[in-house]
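Note sheet for the following structure.
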Amino acid sequence: MSRMVERAPILSQTVGRFNRAATVFLNKLRLDMFKAMTESSGGLNAEEQKAVAHFVNVATGRGSLGALEAAAVPLARIMFSPRYFASRLQLAVGEPLWGGTWASRRAIAKEYARTLIGLAAYYALLKMAFGDKAEVSDDPRSSDFGKIKIGNTRLDPLAGVSQVVVFGARTASGETVNAKGKEKPLQ
């Protein structure tokens with residue numbers, strides 16, 4: 001599809017401009033988040049800033065592929081957005097908290113706490129607004145884990161983290177849970 005768009009002159013210009021605008025927006029978002037975290041921490045040294053920058057990249061979908069970094073382009077041809085997938089995995093297991101100093105870990109832990117508080121408020125407000133119509137699955141083996149189900153509509157406030165948790169839970173337990181709550185072994 002992207003090759004067809006590149007061949008169409010008007011479409012390629014429009015898509016190119018959109019891609020540049022999206023890149024600028026995301027870079028500005030990352031910079032603003034980095035500045036807010038470093039300023040609220042009372043100034044951080046270079047090592048701490050590097051740890052905070054890593055967290056910002058992971059939180060905004062730009063995870064590190066580690067030893068596979070050189071294979072990013074071939075991986076992108078096989079799977080959709082390998083860095084985004086890596087970031088969701090890193091965010092789910094708390095990998096940004098593993099490095100840095102106590103000051104950087106404290107700043108990152110504050111962001112995790114703010115996110116969890118925000119998610120709790122989101123779930124509570126939707127539950128209050130929709131009452132019994134809103135269902136939330138808390139079984140990590142279900143594909144609806146962490147999603148708010150209202151009729152046939154599902155809202156996913158976890159931004160891709162729930163899929164990583166579901167994969168891990170299914171792999172560890174060897175079981176899956178269907179939409180009706182019935183447990184089945186993985187095959």
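The values are calculated or read from the model by the stated rules, or taken from the named source; none is laboratory data. On a predicted model such as this, the values are computed, not experimentally measured, just so you know. Backbone-built Cβ (ideal geometry, glycine too); neighbour counts: all protein chains shown. When the accessible area is computed, the model is the full protein with side chains, heavy atoms only, and any ligands, DNA or RNA have been set aside. Shrake-Rupley method; radii C 1.70, N 1.55, O 1.52, S 1.80 Å.
Output the residues belonging to the stretch 49-69 that are assigned to a helix (DSSP H, G or I) and modelled with pLDDT of 90 or more.
Initial filter on the stretch 49-69 (assigned to a helix (DSSP H, G or I)): 49-59, 66-69.
The answer is Gln49, Lys50, Ala51, Val52, Ala53, His54, Phe55, Val56, Asn57, Val58, Ala59.
Every residue, every condition in (1) over 30 Å from Gly43 (Cβ atoms); (2) in a loop (DSSP other than H, G, I, E, B); (3) touching a residue at least 12 places away in the same chain (Cβ under 8 Å), yes or no:
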| position | (1), (2), (3) |
| --- | --- |
| Gly99 | no, yes, yes |
| Ser104 | no, no, yes |
| Gly118 | no, no, no |
| Asp132 | yes, no, no |
| Lys180 | yes, yes, no |
| Lys184 | yes, no, no |
Next item on the list: Could you please find all residues in the stretch 43-80 being of a type in the set (Lys, Arg) and either within 20 Å of Ala159 (Cα to Cα) or open to solvent by less than 30 Å² (accessible area, probe 1.4 Å) (or both)?
Entry: Arg62
Next item on the list: Could you run through the stretch 120-130 and say how many residues are of a type in the set (A, V, I, L, M) and touching a residue at least 12 places away in the same chain (Cβ under 8 Å)?
Entry: 1
Check: Looking at Ala107, Ala51, Ala103, which one is touching an Asp or Glu at 6+ places or on another chain (Cβ under 7 Å) and among the hydrophobic types (A, V, I, L, M, F, W, C)?
Finding: Ala103
Margin query: Looking at Ser87 and the list (1) open to solvent by 40 Å² or more (accessible area, probe 1.4 Å); (2) closer than 27 Å to Ser173 by Cβ; (3) among the polar types (S, T, N, Q), which single condition is not satisfied?
Written below: (1)
